[in-house]
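Just below is one structure, and these are the notes that go with it.
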Amino acid sequence: MQPHKIIIIYFYITNSYISARSSHSGGHSYSNSHSYGHGTGSHGRSISAHHVYSHHGYYSYHPPSNIFFQCRYCNTPQMYPVYHGSPPTYVYKYRESGGHFGDLISGLALYNLGRISNEPHHYTSTHYTAHKKESCSLQIIDHEHFEETTFPCFMMSSFMANATAKEDPNAETFDISSSLIHVHPNVSTGSSLEVTNRQECTIWHNSTMNRENHTIPCTLLKQYADTVKSSGLPVYIWLPLLLAVVLAIYICCQCCAKKNKEDLKETAPLNQMNNMGYCSN
């Protein structure tokens, strides 16, 4: 096979994997519109880690039995609920996005799922009614700076008043634990946000009839996010690299074979004639 054909095949396979990562089929789709503003620490502990419950790409979910966290104004640690099912795809999407706020949003999603799955009688169920004119945002606040980003409202469903579900009778209801929900995380430039115990995360839900907010320690959301751990390089990174190495080796071998063939031609005699013997009397 000629080298230029291999190069075409290489780029075709690489582009196929990139397209596969960015394409989605079916389900509900959400995207973020903007984000503002910086730099990971956590405060608290987890106990009784369980076996891996779920894998996605190169991340895996390691849920503890419970999360214990002590806020900076609290005297004792408090126990927080943990989601023990298989996390929906959007949790991994935010975790692997590499965005500035990816860890906090994925942590919020897991915290929300934990609240619903452990105390369904107190909070809303896993079914959420989406409204066209609603918006939700996450604000990171401390004494030095302020930052904000948007996220799909279903990720804070357990923090909303039940009355908001009656605003729009034509709104669509879906299960937020479904793997068919597709999100498009806002990937901002720069490193991940550095989370400190001085920061407070305030989540806002704004709709035509209601406006509500709740404040959560940012380090608590980071602790939830850390239950989703990296498990190696993703296939869309190592496969193109592997193909590039194989392609480079093949081209080198072809060049060496061509050079050896040319060297053989140069060393061969130009005219090969049979020497005839003469006899003298």
request  = Counting only residues that are surrounded by 15 or more Cβ atoms within 10 Å (Cβ to Cβ) and modelled with pLDDT under 85, give me the strands (runs of 3 or more DSSP E) lying completely in the stretch 168-223 with at least 1 of them.
outcome  = 181-184
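Yes or no, residue by residue, for (1) β-branched (V, I, T); (2) out of contact with any Pro (no Cβ under 6 Å at 6 or more places or on another chain); (3) at pLDDT 70 or above:
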{"site": "A225", "(1), (2), (3)": "no, yes, yes"}
{"site": "V228", "(1), (2), (3)": "yes, yes, yes"}
{"site": "A244", "(1), (2), (3)": "no, yes, yes"}
{"site": "D263", "(1), (2), (3)": "no, yes, no"}
{"site": "S280", "(1), (2), (3)": "no, yes, no"}
remark   = Checked Y83, Y94 against criteria (touching an Asp or Glu at 6+ places or on another chain (Cβ under 9 Å) and buried (at least 20 other Cβ atoms within 10 Å of the Cβ)); the one match is Y94
message = Yes or no: the stretch 144-164 includes at least one residue that is in a loop (DSSP other than H, G, I, E, B), at pLDDT 90 or above, under 23 Å from C218 (Cα atoms) and not aliphatic (A, V, I, L, M).
response = yes
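The values are calculated or read from the model by the stated rules, or taken from the named source; none is laboratory data. Since the structure is predicted, the reported quantities are computational estimates derived from the model, not experimental observations. Every residue, glycine among them, receives a Cβ derived from its backbone with ideal geometry; neighbour counts consider all protein chains shown.
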